[in-house]
Structure formats: C-alpha cells, structure tokens
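The values are calculated or read from the model by the stated rules, or taken from the named source; none is laboratory data. Treat the numbers as computed from the prediction; the structure is a model and nothing was measured. Glycine gets a Cβ as well: all are built from the backbone with ideal geometry, and neighbour counts include every protein chain shown. Only protein heavy atoms, including side chains, enter the accessible area calculation; ligands, DNA and RNA are left aside. Shrake-Rupley method; radii C 1.70, N 1.55, O 1.52, S 1.80 Å.
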Amino acid sequence: MIYVIIYLALCLLVPFGNDRGRPNTSLLLVVLVFLFLFVGFRWEVGCDWEGYEKIFYATMGKDAAELVGDREPGFALLNGLVQY
C-alpha cells in the first residue's frame, strides 16, 4: 500500500513540475533524494530477499577474477565491492 501512496503523491506533484515552461529541477532533486533514501534503506523486503542474500554470501571471499567469471559478472562485482 505504501507504494501506491508514493505513486499517487508523485502524480499529485506533476502540476508543480514546471516553472514557467522550464523543468523544476529543485523539485526533481527533492523527489530523487526521497526515492533514493526510501529504496536504499528498506530492510529484508520482497519475495526474493533470501535469494539475493544467498548470492551475497556465495560471493564472499572471492577475488575480482573469480567474480568476473561469474554468471552475472556485473552483479558479482557489485557484491564484491560492497563486501570490500
């Protein structure tokens, strides 16, 4: 339900998105910071949380060469960077 509320709130901000025909960059910045914080600080949510947690622990202790050789090298390298 919280996602529907956030979506509706963002829809209500659409009329404020223009400042005399120009994009309102300050409003965009505020919305982006809010969305970044909201998404970044969720904890153990979603049906696939356990899968991502298993992948995280499976990449632990591997060096960069092993991570690049993984099935999803970008995601594996990102996990390695977070663990570092």
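What helices (runs of 4 or more DSSP H), lying completely within the range 13-82, carry at least 3 residues that are under 29 Å from Met1 (Cβ atoms)?
Per the criteria, 25-40, 49-58.
Just wondering, is there one or more residues in the range 4-11 that are open to solvent by less than 60 Å² (accessible area, probe 1.4 Å) and of a type in the set (Val, Ile, Thr)?
Yes; the residues of the range 4-11 include at least one that is open to solvent by less than 60 Å² (accessible area, probe 1.4 Å) and of a type in the set (Val, Ile, Thr).
If the Cβ limit is 9 Å and pairs must be 6+ apart or interchain, which residue in the range 45-67 that is under 16 Å from Leu78 (Cβ atoms) pairs with which residue that is open to solvent by 70 Å² or more (accessible area, probe 1.4 Å) and not in a helix (DSSP H, G or I)?
These pairs meet every condition: Glu53/Glu44; Ile55/Glu72.
Every residue, every condition in (1) out of contact with any Leu (no Cβ under 7 Å at 6 or more places or on another chain); (2) surrounded by 11 or more Cβ atoms within 10 Å (Cβ to Cβ), yes or no:
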site: Asn18; (1), (2): yes, yes
site: Pro23; (1), (2): yes, no
site: Phe56; (1), (2): yes, yes
site: Leu77; (1), (2): no, yes
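Say whether the condition of being at pLDDT 90 or above, among the aromatic types (Phe, Trp, Tyr) and either open to solvent by less than 100 Å² (accessible area, probe 1.4 Å) or in contact with a helix residue (DSSP H, G or I) (Cβ under 8 Å, 6 or more places away or on another chain) (or both) is met by at least one residue in the range 36-44.
No: the range 36-44 contains no residue that is at pLDDT 90 or above, among the aromatic types (Phe, Trp, Tyr) and either open to solvent by less than 100 Å² (accessible area, probe 1.4 Å) or in contact with a helix residue (DSSP H, G or I) (Cβ under 8 Å, 6 or more places away or on another chain) (or both).
Report yes if Pro73 is at pLDDT below 90 and either open to solvent by 90 Å² or more (accessible area, probe 1.4 Å) or not aliphatic (A, V, I, L, M) (or both), otherwise no.
No, not satisfied.
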